[in-house]
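Undergrad: Have a look at this one.
The values are calculated or read from the model by the stated rules, or taken from the named source; none is laboratory data. Because the structure is predicted, anything quoted here is derived from the model rather than measured. Cβ placement follows ideal geometry from the backbone for every residue including glycine, while neighbour counts extend to all protein chains displayed.
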Amino acid sequence: MDMINILTVFILAIFVGNEIITKVPPTLHTPLMSGSNAISGIAIVGAIISTKVGGELGTWLGMVAVIFATINCVGGFMVTNRMLKMFKRK
Amino acid sequence: MEYTNLAYVAAAVLFIIGIKRLGSPKTAQSGNAIASIGMLIAIIATVASFDLLDFKLIAIGMIIGSIIGATFAIRVQMTQMPQMVAIFNGFGGGASALVAASEFFTKHGTADLNTFISGTIILSVFIGTLTFSGSFIAFGKLQGFVSGKPIVFSGLQILNGFMVIGIVLIGTLITIGVNQDLNLFYGIVVLAVLLGVTLTIPIGGADMPVVISLLNSYSGIAASATGFVLMNNGLIISGALVGASGLILTNIMCKGMNRSLANVIFGAVGLEQETLSTDGKQINVKSSTTDEAAMILDAADKVIIVPGYGLAVAQAQHAAREVAEQLELMGKTVLYAIHPVAGRMPGHMNVLLAEANVPYDKLKDLGDINPEFEDCDVAIILGANDVVNPAARHDTSSPIYGMPILDVDKSRTVIVNKRTMNPGFAGIQNELFGFENTVMVFGDAKEMLTTLYKDLKEL
């Protein structure tokens with residue numbers, strides 16, 4: 001049941017994504033890409049969990065994952081903000 | 001645990017609202033902020049849900065990551081945005097792969113490593129690792145560390161085929177639990193790294209928009225797969241959003257070139273043969289100066305500027321805006337024509353021109369601008385080539401035949417600025433340059449525009 005549940009969530013999320021992303025105009029495609037890229041840094045959640053449950057090796061892998069995912073999140077959101085600031089001013 | 005899951009739902013909702021607000025330049029900045037708040041909520045909820053977490057370790061990791069990420073984000077130039085996104089993709093994919101690998105090592109040898117878990121782990125490690133190595137090659141190509149030209153050797157496709165078969169075989173062995181030897185797992189990692197490299201090196205510079213979009217999508221799918229491993233809705237939803245976004249952009253880019261995804265990824269081999277046959281054509285061009293260009297522009301009412309990758313390379317976006325403003329001051333209408341695959345990533349030209357303070361409503365995409373060329377007096381081509389090649393409309397033997405192009409040749413006069421007569425990425429000469437109504441002004445785009453600006457002022 002659990003498996004079916006998360007599969008349902010996954011499929012519905014793809015439909016939602018499809019729906020909202022097709023509405024983004026070409027002008028904003030680069031910020032869309034870097035912004036959604038930052039969202040894929042959500043792997044940081046998994047990274048934090050694996051520093052705890054992973055044992056010695058798992059902890060270190062999790063630690064590297066935390067660094068990678070943070071680079072992805074922080075860098076992604078900041079650079080997107082930098083770009084969008086330019087689009088806002090007229 | 002209930003509260004944590006609730007927080008993930010909240011984060012996912014904020015991501016969706018955030019992306020939705022990216023739909024308009026006016027709301028986009030707040031959308032990005034909303035998405036980042038979603039991320040913060042997800043992180044805090046995760047940290048708060050485990051009481052035995054090593055906070056110090058996590059804090060150190062996050063501080064290191066923040067410093068690196070922020071440095072990149074502050075220092076990067078707008079022209080370098082494609083490689084920036086490429087490398088961030090790589091880190092995202094790498095993080096997903098590492099999390100899945102960590103799960104594998106933890107559950108290895110226990111009953112927890114059932115078919116579903118091991119299958120999703122393999123998927124996550126494979127896609128995440130491939131994204132990681134592929135993104136670094138893409139970064140290297142865009143930054144100039146690796147040749148931007150397609151790197152192809154005989155047997156490349158066969159090698160790729162064997163690697164895919166190897167990954168599927170090993171992955172199946174591990175998944176169904178026949179053999180979960182750690183060496184097999186390492187084998188998957190090694191093959192995924194190699195495959196990321198061999199799939200990216202044969203792709204040339206102008207096809208980069210497709211590759212970056214695709215890698216973006218992969219980084220999302222990897223995060224989703226990791227979500228399945230951890231049974232975590234937050235990761236699954238966010239990953240799916242990013243995966244969908246990347247795929248949609250990939251599709252738009254492929255349509256912009258009238259090529260299938262398979263053709264972009266595996267097409268570099270065929271391209272070489274096709275270009276040889278078209279090299280024979282000689283084109284006589286009229287070379288001219290900025291003085292003359294200024295006089296042509298003086299007589300015009302409607303001017304359309306067509307930026308390409310050459311503009312980005314020369315960092316000429318500010319100079320272009322100055323010329324455009326001068327022309328507007330002289331009472332002329334100025335528009336910008338943006339081809340979907342101009343530059344090295346989706347929307348690359350838009351970001352550059354936004355940086356130079358060009359109002360976004362002056363930037364027109366392919367469908368909107370093409371009818372405008374009919375009554376356009378002067379089209380100024382700045383470092384664009386294949387996207388304005390009329391051969392795409394009529395020459396069935398051309399490698400770019402069928403690609404939707406900007407109909408610049410319908411303008412009364414076309415001024416083309418290029419560094420040299422070197423053909424564009426597709427390796428074909430552009431017949432536009434030899435047209436009756438075309439004038440070539442050779443030189444670096446920035447220098448040319450700066451001189452043109454002076455010439456216009458002196459009129």
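Undergrad: Among the candidates B:Leu215, B:Leu169, single out the residue that is outside the structural domain of B:Val388 (by TED's automatic domain parsing), surrounded by fewer than 23 Cβ atoms within 10 Å (Cβ to Cβ) and more than 18 Å from B:Val99 (Cα to Cα).
TA: On the way: B:Leu215 fails: surrounded by fewer than 23 Cβ atoms within 10 Å (Cβ to Cβ).
Matching residue, one of B:Leu215, B:Leu169: B:Leu169.
Undergrad: Continuing with the same structure: Identify, by number, the condition in (1) surrounded by 17 or more Cβ atoms within 10 Å (Cβ to Cβ); (2) not in a loop (DSSP other than H, G, I, E, B) that B:Leu406 doesn't meet.
TA: So the condition that B:Leu406 fails would be (2).
Undergrad: From the list B:Asn370, B:Asn422, B:Asn437, which residue is of a type outside the set (Ser, Thr, Tyr), in the same structural domain as B:Val306 (by TED's automatic domain parsing), closer than 27 Å to B:Leu142 by Cα and without any contact (Cβ under 8 Å) to a residue 60 or more places away in the chain? Step through it out loud before you land on a result.
TA: On the way: B:Asn370 fails: closer than 27 Å to B:Leu142 by Cα; B:Asn437 fails: closer than 27 Å to B:Leu142 by Cα.
The unique qualifying residue is B:Asn422.
Undergrad: Being among the aliphatic types (A, V, I, L, M), in contact with a helix residue (DSSP H, G or I) (Cβ under 9 Å, 6 or more places away or on another chain), more than 7 Å from every other protein chain (Cβ to nearest Cβ) and more than 14 Å from B:Tyr3 (Cα to Cα) is the filter here, so list the residues in the range B:46-65 that pass it. Let's see the steps before the verdict.
TA: Our first condition is that a residue be among the aliphatic types (A, V, I, L, M); within the range B:46-65, this holds for B:47-48, B:52-53, B:57-60, B:62-64.
Those left that are additionally in contact with a helix residue (DSSP H, G or I) (Cβ under 9 Å, 6 or more places away or on another chain): B:47-48, B:52-53, B:57-58, B:60, B:62-64.
In the following step, the residues that additionally are more than 7 Å from every other protein chain (Cβ to nearest Cβ) were identified as B:48, B:60, B:63.
Residues satisfying the conditions are B:Ile60, B:Ile63.
To keep it simple, each residue is scored yes or no on (1) modelled with pLDDT of 90 or more; (2) crowded, with 24+ Cβ neighbours inside 10 Å; (3) facing another protein chain (nearest Cβ under 7 Å); (4) at negative phi.
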| position | (1), (2), (3), (4) |
| --- | --- |
| A:Ile14 | yes, no, yes, yes |
| A:Val24 | yes, yes, yes, yes |
| A:Thr30 | yes, yes, yes, yes |
| A:Asn37 | yes, yes, yes, yes |
| A:Val45 | yes, yes, yes, yes |
| A:Ile48 | yes, yes, yes, yes |
| A:Lys52 | no, no, yes, yes |
| A:Gly55 | no, no, yes, no |
| A:Trp60 | no, no, no, yes |
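Matching residues to (1) closer than 20 Å to B:Leu247 by Cα; (2) in a helix (DSSP H, G or I); (3) away from chain A (no Cβ under 14 Å):
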{"residue": "B:Gly119", "(1), (2), (3)": "no, yes, no"}
{"residue": "B:Leu130", "(1), (2), (3)": "yes, yes, yes"}
{"residue": "B:Thr172", "(1), (2), (3)": "no, yes, yes"}
{"residue": "B:Val190", "(1), (2), (3)": "no, yes, yes"}
{"residue": "B:Leu194", "(1), (2), (3)": "no, yes, yes"}
{"residue": "B:Asn216", "(1), (2), (3)": "yes, yes, no"}
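Undergrad: Which is under 30 Å from B:Asn422 (Cβ atoms) and in the same structural domain as B:Pro202 (by TED's automatic domain parsing), of B:Phe104, B:Phe139? I'd like the intermediate steps shown before the answer.
TA: Details: B:Phe104 fails: under 30 Å from B:Asn422 (Cβ atoms).
On inspection, the qualifying residue turns out to be B:Phe139.
Undergrad: Which residues, counting only those in the range B:318-358, are at the interface with chain A (Cβ under 10 Å from one of its Cβ atoms), buried (at least 23 other Cβ atoms within 10 Å of the Cβ) and part of a helix (DSSP H, G or I)?
TA: Once the filter is applied, which keeps residues that are at the interface with chain A (Cβ under 10 Å from one of its Cβ atoms), buried (at least 23 other Cβ atoms within 10 Å of the Cβ) and part of a helix (DSSP H, G or I), the range B:318-358 yields B:His348, B:Met349, B:Asn350, B:Val351, B:Leu352, B:Leu353, B:Ala354.
Undergrad: Name, by its number, the condition in (1) closer than 30 Å to B:Gly18 by Cα; (2) crowded, with 19+ Cβ neighbours inside 10 Å; (3) facing chain A (nearest Cβ under 7 Å); (4) out of contact with any Pro (no Cβ under 9 Å at 6 or more places or on another chain) that does not hold for B:Ala70.
TA: (2)
Undergrad: Please go through the range B:96-117 and give me each residue that is more than 8 Å from every other protein chain (Cβ to nearest Cβ), over 11 Å from A:Gly46 (Cβ atoms) and part of a helix (DSSP H, G or I), ordered by number.
TA: B:Phe104, B:Lys107, B:Thr115, B:Ile117
Undergrad: Answer with yes or no whether B:Gly144 is surrounded by fewer than 24 Cβ atoms within 10 Å (Cβ to Cβ) and assigned by TED's automatic domain parsing to the domain that holds B:Gly177. Explain how you work it out, then say what you get.
TA: Values: surrounded by fewer than 24 Cβ atoms within 10 Å (Cβ to Cβ): yes; assigned by TED's automatic domain parsing to the domain that holds B:Gly177: yes.
Judged against the criteria, B:Gly144 is a match.
Undergrad: Would you confirm, using the coordinates I've provided, whether B:Gly234 is of a type in the set (Gly, Ala, Ser) and more than 14 Å from chain A (Cβ to nearest Cβ)?
TA: Numbers: of a type in the set (Gly, Ala, Ser): yes; more than 14 Å from chain A (Cβ to nearest Cβ): no.
So B:Gly234 fails the test.
Undergrad: Could I ask something else about it? Which one is farthest from B:Ile237 (Cα to Cα), of the residues in the range B:24-45 that are touching a residue at least 40 places away in the same chain (Cβ under 8 Å) and at the interface with chain A (Cβ under 7 Å from one of its Cβ atoms)? Quick ask: steps written out before the conclusion?
TA: So the first thing to find is which residues in the range B:24-45 are touching a residue at least 40 places away in the same chain (Cβ under 8 Å), and the list is B:25, B:42, B:45.
Those left that are additionally at the interface with chain A (Cβ under 7 Å from one of its Cβ atoms): B:25, B:42.
Working: B:Pro25: 25, B:Ala42: 12 Å.
Among them, the one singled out is B:Pro25.
Undergrad: Search the range B:213-238 for residues that are free of Cβ contacts under 8 Å to residues at least 40 places away in the same chain and pair each with any residue that is in a helix (DSSP H, G or I) and of a type in the set (Phe, Trp, Tyr) when their beta-carbon atoms are under 8 Å apart and the residues are at least 6 apart or on different chains.
TA: B:Ser224/A:Phe10; B:Gly227/A:Phe10; B:Ile236/A:Phe10; B:Ile236/B:Phe228
Undergrad: Could I ask something else about it? Take A:Ile67 and decide whether it is at pLDDT 90 or above and among the hydrophobic types (A, V, I, L, M, F, W, C).
TA: Details: at pLDDT 90 or above: yes; among the hydrophobic types (A, V, I, L, M, F, W, C): yes.
Yes; evaluated as a whole, the condition is true for this residue.
This table checks each residue for (1) buried (at least 22 other Cβ atoms within 10 Å of the Cβ); (2) among the β-branched types (Val, Ile, Thr); (3) in contact (Cβ under 8 Å) with a residue 60 or more places away in the chain.
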residue: B:Gly177; (1), (2), (3): no, no, yes
residue: B:Asp181; (1), (2), (3): no, no, no
residue: B:Gly187; (1), (2), (3): no, no, no
residue: B:Val190; (1), (2), (3): no, yes, no
residue: B:Val193; (1), (2), (3): no, yes, yes
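A quick yes/no check of all residues on (1) out of contact with any strand residue (DSSP E or B) (no Cβ under 6 Å at 6 or more places or on another chain); (2) buried (at least 16 other Cβ atoms within 10 Å of the Cβ); (3) modelled with pLDDT under 95:
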| residue | (1), (2), (3) |
| --- | --- |
| B:Gln77 | yes, no, yes |
| B:Gln83 | yes, yes, yes |
| B:Glu103 | yes, yes, yes |
| B:Lys107 | yes, yes, yes |
| B:Asn114 | yes, no, yes |
| B:Gly119 | yes, yes, yes |
| B:Thr129 | yes, yes, no |
| B:Phe132 | yes, yes, no |
| B:Ala138 | yes, yes, yes |
